1. Counting residues that are surrounded by 10 or more Cβ atoms within 10 Å (Cβ to Cβ) and touching a helix residue (DSSP H, G or I) at 6+ places or on another chain (Cβ under 7 Å), which helices (runs of 4 or more DSSP H) fully inside the chain reach at least 2?
2. Might you let me know whether segment 30-40 holds any residue that is free of Cβ contacts under 8 Å to residues at least 60 places away in the same chain and over 11 Å from the mean Cα position of the chain (by Cα)?
């Protein structure tokens with residue numbers, strides 16, 4: 001799989017406030033970005049899981065930690081179909 005590298009400058013004070021090292025903070029940022037892009041329907045769950053660096057099922061199971069409902073788009077589509085059927 002081809003990858004691109006993105007470099008972010010993180011102030012040392014942020015790492016100190018979070019009480020984490022740069023590697024741990026980078027993993028959390030990847031997960032947060034993946035969750036938000038998935039929530040905004042800009043990435044599928046599979047692509048978001050790739051960004052987060054984990055299997056799709058693990059990503060979906062972790063969404064609750066971020067108060068994001070897995071498969072929200074699918075649920076909304078089912079609700080629309082149900083409403084149109086009435």
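1. Details: elements: 12-18, 22-39, 45-52, 56-62, 72-85.
Ranges flagged: 12-18, 22-39, 45-52, 56-62.
2. No, segment 30-40 has no match at all.
A short reminder: the numbers here are calculations on the coordinates, not readings from a lab. As the structure is a prediction and not an experimental result, all values here were calculated from the model. Please note: Cβ atoms are built from the backbone with ideal geometry, for glycine as well, and neighbour counts cover all protein chains shown.
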